Amino acid sequence: MAAETDDYAILEVPGSGAANYMYFQTLHGKKLVNGYVSRTPGYAVEFMSHTPLISDLMSLSDTDTFSRREEANIWIRDGIMEKKNRTELMPILYYYNIKYIIIHKGYLSDKEFSLASNLIHDTLGIEPVAYDSDGLWVYHIPTSQNSSSSMLLGSGFHDLEDKSGTPTHRIQANGTLLINSPENRTANLSLQVISFYRNRTVEVYSGNELTARVVVPTVYINVTVPVHLAKGSNTVRFHVPEDCERPCDKPELNNPDSRCLSVTVLNLGVKA
């Protein structure tokens, strides 16, 4: 890797080996997905916890976050977005210019190693080069030939929740989605949404353009919103003018939850 002149990033597994990875970086000189700094910024934490595939590989020891979906023959993490496959996950790696995924077998239990290798194989469909003497399994991400979009959760989303078997995220007064598009186009953003405690208005902005204003009741509704995407990175923003409220401030709810909540969303997707 040190001999390669390309500018790219490396994702190393498990996520707990950052100190060693940064030492190795003094040799190869490439960018790291999972290094560390003394004070980790919030956007970095959100990136590691919300980005499909990356979040899975960084949380191998928490086996409850994984579920086996035999019908799709892939490992996925339950999350807000629709089920991912290799045509959707590869663009995420391309977007962040990740050229290699390296599994350090000696840093993992047998079960964790099996989870990691199966996850990469089943979702990306690529085989590793194994350096047994060093305990390394190295996956090379092929050159991008994919025209799919990728979508990531940005700021303003609370952590994943499981509501009666349905994975959901609650939003504060504002939430952002990061969408990478292969071309200039208008797409449809689809989701299910419910408001907390009382009806609220959800405004959807594509960049700085207001594309929809929807009144959301306290029952789930299906919403489809057109969004104008430029080639490359796009930000779609949800804004709730009525602001968020805390369940603990509503005596009648008898709920100690101190998070500020506006609406809950699930089944986010972007379609042509």
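The values are calculated or read from the model by the stated rules, or taken from the named source; none is laboratory data. Bear in mind the structure is a predicted one, so any value in this text is a computation, not a measurement. In this analysis, Cβ positions are derived from the backbone assuming ideal geometry, glycine residues included, and neighbour counts consider all displayed protein chains.
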Unmet requirement for Met1, which otherwise passes all of (1) surrounded by 15 or more Cβ atoms within 10 Å (Cβ to Cβ); (2) in the same structural domain as Leu60 (by TED's automatic domain parsing):
(2)
Within the stretch 211-236, track down each residue that is outside any loop (DSSP other than H, G, I, E, B), within 24 Å of Cys260 (Cα to Cα) and modelled with pLDDT of 90 or more.
Ala212, Arg213, Val214, Val215, Val216, Ile221, Asn222, Val223, Val236
In this structure, is Ala230 small (Gly, Ala, Ser), surrounded by 12 or more Cβ atoms within 10 Å (Cβ to Cβ) and within 30 Å of Arg185 (Cα to Cα)?
yes
Number of the exception - Glu127 against (1) of a type in the set (D, E, K, R); (2) over 18 Å from Arg237 (Cβ atoms); (3) within 19 Å of the chain's Cα centre (by Cα)
(3)
Exception for Pro251 within (1) crowded, with 18+ Cβ neighbours inside 10 Å; (2) more than 25 Å from the chain's Cα centre (by Cα); (3) of a type outside the set (Phe, Trp, Tyr) falls at (1)
Among (1) touching a Lys or Arg at 6+ places or on another chain (Cβ under 8 Å); (2) modelled with pLDDT of 90 or more - the single one His104 does not satisfy:
(1)
Is there any pair with a first residue in the stretch 233-256 that is at positive phi and in the same structural domain as Gln172 (by TED's automatic domain parsing) and a second that is surrounded by 13 or more Cβ atoms within 10 Å (Cβ to Cβ) and not in a helix (DSSP H, G or I) whose Cβ atoms are under 6 Å apart and which are 6 or more apart or on different chains, and what are they?
Asp243/Ala173
In the stretch 244-272, which residues are touching a Gly at 6+ places or on another chain (Cβ under 9 Å) and either assigned to a loop (DSSP other than H, G, I, E, B) or more than 22 Å from Gly154 (Cα to Cα) (or both)?
Ser262
Conditions (1) in contact with a strand residue (DSSP E or B) (Cβ under 7 Å, 6 or more places away or on another chain); (2) modelled with pLDDT under 85 -> Asn34 fails only (2)
Ile179 being touching a strand residue (DSSP E or B) at 6+ places or on another chain (Cβ under 6 Å), closer than 26 Å to Ala9 by Cα and β-branched (Val, Ile, Thr):
yes
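Quick one: which of Gly15, Gly42 is loosely packed, with under 14 Cβ neighbours inside 10 Å, modelled with pLDDT of 75 or more and touching a Ser or Thr at 6+ places or on another chain (Cβ under 8 Å)? Before the answer, list the steps.
Details: Gly15 fails: loosely packed, with under 14 Cβ neighbours inside 10 Å.
The match here is Gly42.
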By residue number, the members of the stretch 178-206 that are surrounded by fewer than 18 Cβ atoms within 10 Å (Cβ to Cβ) and under 15 Å from Met151 (Cβ atoms) are Pro182, Arg185, Asn188, Ser190
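Could you look through the stretch 110-126, keep only residues that are without any contact (Cβ under 8 Å) to a residue 12 or more places away in the chain and not aromatic (Phe, Trp, Tyr), and pick out the one that is farthest from Lys31 (Cα to Cα)?
Taking the stretch 110-126 first, the residues without any contact (Cβ under 8 Å) to a residue 12 or more places away in the chain are 110, 113-114, 121.
With the extra rule that they be not aromatic (Phe, Trp, Tyr), the set shrinks to 110, 114, 121.
Details: Asp110: 28, Ser114: 26, His121: 23 Å.
Per the criteria, the residue is Asp110.
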